[in-house]
Structures are given as structure tokens and as C-alpha cells.
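Presented below is the structure to which this report refers.
Coordinate-derived values only; no laboratory data. This one's a predicted model, so the numbers in the text were calculated from it and none came from an experiment. Positions of Cβ are backbone-derived with ideal geometry, glycine not excepted, and every protein chain shown enters the neighbour counts.
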Amino acid sequence: MTIEITTPSRLHITLIDLNASIGRVDGGIGLTIEEPGIRITAEAADGIIVTGNLELADRMQSSASAILPEGCGVRIRIEQNSPSHVGLGTGTQAALAAGMAVNRLYDLGLSVRDVAIAVGRGGTSGIGVASFESGGFILDSGHKFSEKGAFKPSAASKSPPASILFQQPFPDWEIVLAIPDVRGAHDAREVDIFGKECPIPLSEVQELSHIILMETLSGVVEGDIEAFGDSINRIQGVGFKRREIALQTPEIVQIIELMQENTCGAGMSSFGPVVYGITDSRKAAADAVHEVQEFLDETIRGRCMVVRARNSGADVRITS
């Protein structure tokens with residue numbers, strides 16, 4: 001039997017509460033996108049064998065090991081890669097893909113959340129896990145600060161994935177995606193940033209919550225591109241997102257500005273460097289791609305393209 005899994009990617013729009021004075025921490029909003037994604041095939045084998053991209057292979061091997069029943073093995077072939085440490089949630093998708101492949105091969109009956117807990121993903125943001133499970137636009141609840149105990153990123157957190165408060169199909173808008181040829185903060189650097197920048201002032205958390213509740217969510221539900229886009233622009237200047245952007249090179253900031261000039265709203269995903277813009281105009285999307293790609297070609301390199309939201313989770317199927 002062969003299992004084939006194709007994952008989405010996710011845009012992490014922002015973390016909400018890195019103040020925690022009310023007793024909870026994290027929380028966030030994000031969006032599932034069709035590409036770039038990861039595709040793997042998996043079969044039962046002796047031992048654990050993963051071929052393909054070395055970085056993803058190491059992560060998948062660790063995740064498979066956490067799920068495999070004693071005495072069982074798996075051979076995973078990475079058929080399609082997605083760039084790591086750029087703000088697309090590739091690490092979570094890779095770990096979940098490997099874990100779910102083992103789950104299906106050996107009929108373990110685990111849910112996506114069960115797999116996420118077993119492989120140690122989703123300890124700060126629940127967006128990537130929910131994207132893998134069912135896609136769409138997502139708002140997660142964060143964690144009790146008394147249980148998590150510190151401000152830290154998912155890779156350094158042992159907390160379970162956050163509960164999902166709101167999950168909604170995303171309108172069929174154009175999503176312009178720029179993937180610069182550089183890497184964002186990760187591992188020890190990411191932990192250090194959380195330690196230095198948190199807690200975020202409560203006034204900024206309150207301002208951000210107001211934007212999300214009264215503009216971002218209503219924009220998604222009502223299909224109001226102007227409200228949604230305006231909220232994304234506002235989010236870039238407040239809370240933890242403002243601090244994430246302040247750590248970027250001038251080129252990333254300039255890409256955000258180019259996107260905002262050509263779309264209804266634009267921002268940076270997670271710690272970057274991925275930048276996205278949202279518009280309901282194909283011409284505006286094409287213009288944004290042209291300008292951003294030209295800028296990338298002249299500076300830090302990378303690619304810019306139009307993608308779509310994905311309102312379903314990872315595709316998991318038996319192929320033989």
C-alpha cells in the first residue's frame with residue numbers, strides 16, 4: 001500500500017496576545033494557501049528511510065519515529081518540496097505529513113491533532129495544524145499562560161495545539177505571494193526574539209484585537225476586500241508583527257510597501273521573509289507580481305506569483 005499526501009502552506013498573519021496579563025498567551029490568525037506545498041509518498045518498510053530534501057528529511061524522520069509502532073518502519077519519498085524558514089509553515093506541514101502517513105499506513109486511528117501532539121507541533125500557533133486538517137481562514141485561541149509558562153515560539157514549546165475559535169472559507173481573491181531568497185528567524189534566534197520583545201504592551205494587544213474583531217473577521221465573512229485589506233495593512237504596524245517587521249532587511253520592508261501600493265492590503269507572514277498581498281483584481285495582482293519580481297531580480301532574488309486560498313486541508317489518499 002502506498003500513501004500519497006499533498007499539504008497546503010499557510011500564511012501566519014499575526015500573533016494576537018504576547019502580553020498575557022489576562023491569563024492567556026499567543027492566539028493568532030492565518031490563512032491556508034494552495035501552494036507551495038509538500039507532496040510525499042510513503043510505504044511500509046524496514047526501518048525509517050526518507051529520501052529527498054535533507055532538511056525536510058530530518059524532520060520527517062523524527063516525526064515518523066514518534067508515531068511508528070514498535071518493530072514497524074516506513075519509506076518516505078519527498079516528491080515536492082516547500083522552502084523552509086520563510087514564513088510558510090513548512091516545518092509543521094512536513095512533520096504532519098510524515099506522521100499522518102504512518103498513521104494511515106498502520107491504521108492507528110489518530111486525528112490530525114493527535115499527530116500534531118505526538119510530533120511536537122503547534123505549541124504556539126494552531127494555524128498550521130488547522131490548515132493541514134481543514135484549511136480556510138483561521139483564528140486560534142492561544143494557551144493558558146499558567147500552563148505554557150513563557151513567551152516562546154512553537155518550535156520551543158511543548159504546549160498542545162491551540163483550540164480553533166473561528167474557521168471560515170476564504171473568498172476567491174487573488175493572493176500575490178513573494179518568496180525572497182533569504183531565510184527568516186528560526187530556532188535559537190526565534191527564541192531570543194520572543195525573550196527580548198515580550199511582553200508586548202497591553203494597549204497594542206487591545207488595538208490589534210479591535211482590528212481583528214471589527215475589521216478582519218467581518219471582512220472575511222462578508223467578502224469585503226476593502227475592510228480585510230485595510231485590516232492587514234493596519235496589523236503590520238502594531239503588536240508583535242510590528243517588531244517582526246522591524247527586524248527585517250530594508251528590502252523586505254520595501255516589498256511590503258510595493259505590495260501595499262498595488263493591492264488592497266499586504267503584510268509579512270510569520271517571521272518572514274514571505275510577503276503577501278490581497279486583491280480582487282487580476283490586473284492589480286499582475287501589476288504587483290511584475291513590480292515585485294523586478295525588484296527581487298535587482299536585489300535579493302526570489303520569486304513572486306499569484307496563488308489561491310485553500311478551503312480544505314491536506315490531500316491524503318491511498319494510491320496503490
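Loop-only check: which chymotrypsin sites (Phe, Trp or Tyr not before Pro) in the range 268-320 are DSSP coil with at most 16 other Cβ within 10 angstrom? Could you put the intermediate results ahead of the total?
Values: sites: PHE271, TYR276, PHE295; in loops: PHE271.
For chymotrypsin sites (Phe, Trp or Tyr not before Pro) across the range 268-320 that sit outside H, G, I, E and B with at most 16 neighbouring Cβ atoms in 10 Å, the list is empty.
Given contacts defined as C-alpha pairs under 8 Å and at least six residues apart, what's the relative contact order of the range 2-318, whole-number percent?
Details: 764 pairs, mean separation 75.8, N = 317.
Here the relative contact order equals 24 percent.
Angle between the Cα long axis of helix 187-197 and the longest principal axis of the chain, 0 to 90 degrees, nearest 10?
That works out to roughly 40 degrees.
As a footprinting exposure proxy, order ARG10, ARG39 by other Cβ within 10 Å, with the fewest listed first.
On the way: ARG10 28, ARG39 17.
Lowest count first: ARG39, ARG10.
Compute the long axis of helix 90-105 from its Cα atoms, compare it with the longest principal axis of the Cα atoms of the chain, and write down the angle in degrees, 0 to 90, nearest 10.
30
Local charge sum around GLY120 (other residues, Cβ-Cβ under 12 Å, Lys/Arg +1, Asp/Glu -1)? Intermediate results must be reported in sequence, preceding the final value.
On the way: positive: ARG59, ARG121, LYS158; negative: none.
Here the count lands on +3.
Stick to Cα atoms and the Kirkwood definition of Rh, then tell me Rg/Rh for the range 143-216. Present the calculation step by step, with values, prior to reporting the outcome.
On the way: Rg = 15.9 Å, Rh = 15.8 Å.
Ratio of gyration radius to Kirkwood radius: 1.01.
Residues with amide H under 5 Å of VAL74's amide H, sequence separation 5 or more or different chain, H placed in the peptide plane at 1.01 Å from N; which?
Close amide H contacts, sequence-distant or interchain: ALA45, GLY47, ILE48, ILE49.
Among THR14, ALA118, PRO36, whose Cα projects farthest towards the positive end of the dipole of the chain, with charges put on the beta-carbon of Lys, Arg (+1) and Asp, Glu (-1)?
ALA118
Which one, GLN236, GLN248, GLN260, has the greatest fluctuation when you compute a Gaussian network model over the chain with C-alpha springs under 10 angstrom?
Result for the chain, Cα springs under 10 Å: GLN248 fluctuates most.
Output ³J(HN,Hα) for the range 76-86: one whole-Hz value per residue in order, computed from phi by the Karplus curve 6.51 cos²θ - 1.76 cosθ + 1.60 with θ = phi - 60°, and x for Gly and Pro.
10, 10, 7, 7, 8, 9, 10, x, 9, 6, 10
About the Cα centre of the range 193-259, what is the dipole size in debye to 20, counting +1 per Lys and Arg Cβ and -1 per Asp and Glu Cβ, all else neutral? Could you put the intermediate results ahead of the total?
Values: 5 positive and 11 negative charges, 74 e Å.
Using only the charged Cβ atoms, the result is roughly 360 debye.
Nearest 10 degrees, 0 to 90: what angle lies between the long axis of helix 282-298 and the longest principal axis of the chain (Cα atoms)?
Approximately 80 degrees, to the nearest ten.
Measure off 7 Å from each Cα along the Cα-to-Cβ vector at SER65 and ASP114, then give the distance between these two points in nanometres to one decimal.
The modelled label-to-label distance comes out at 2.3 nm.
So for ASP315, ASP280, fewest C-beta neighbours within 10 Å to most, what's the order? Present the calculation step by step, with values, prior to reporting the outcome.
Details: ASP315 13, ASP280 17.
Fewest-to-most Cβ neighbours within 10 Å comes out as ASP315, ASP280.
What is the fewest-to-most order of GLU257, GLU34 by other Cβ atoms lying within 10 Å of their Cβ? Each step should come with its number before you reach the end.
Values: GLU257 13, GLU34 16.
In increasing order of surrounding Cβ atoms, one gets GLU257, GLU34.
Taking the chain as a Gaussian network, where each spring joins two C-alpha atoms under 10 Å apart, which residue of LEU15, LEU54, LEU296 fluctuates the most?
Fluctuation is largest for LEU54.
Would you please give the residues with an amide H less than 5 Å from that of ARG24, counting only those at least 5 places away or on a separate chain, with H modeled from the backbone geometry?
PHE145
Please list 3J(HN,Hα) in residue order for the range 3-10, calculated via the Karplus relation 6.51 cos²θ - 1.76 cosθ + 1.60 where θ = phi - 60°; whole Hz, with x for glycine and proline.
9, 10, 10, 10, 9, x, 10, 9
Placing unit charges on C-beta atoms (Lys and Arg positive, Asp and Glu negative, everything else neutral), compute the dipole magnitude of the range 197-314 about its Cα centre in debye, rounded to 20.
Numbers: 10 positive and 18 negative charges, 90 e Å.
Dipole size: approximately 440 debye.
Which residue fluctuates most in the GNM of the chain (Cα springs below 10 Å): THR90, THR14, THR51?
THR51
For the chain, what does -39500 (n - 2.57) per DSSP helix run (n ≥ 4), summed and divided by total residues, give at 222 nm, in deg cm²/dmol to the nearest 500?
-11500 deg cm²/dmol
Based on the alpha carbons, how large is the Rg to Rh ratio for the range 204-320 when Rh follows Kirkwood? Write out the running numbers ahead of the final one.
Details: Rg = 15.7 Å, Rh = 15.4 Å.
For the range 204-320, the value is 1.02.
Just need the relative contact order of the range 116-271 here, percent rounded to a whole number, with Cα pairs under 8 Å and 6+ apart. Write down the numbers at each step before the final one.
Working: 187 pairs, mean separation 28.1, N = 156.
Across the range 116-271, relative contact order equals 18 percent.
Using the Karplus equation 6.51 cos²θ - 1.76 cosθ + 1.60 (θ = phi - 60°), what ³J(HN,Hα) coupling, rounded to whole Hz, does each residue of the range 108-120 give in order, writing x for Gly and Pro?
Karplus-based 3J(HN,Hα) across the range 108-120 equals 7, x, 8, 7, 4, 4, 4, 5, 4, 5, 5, 9, x Hz.
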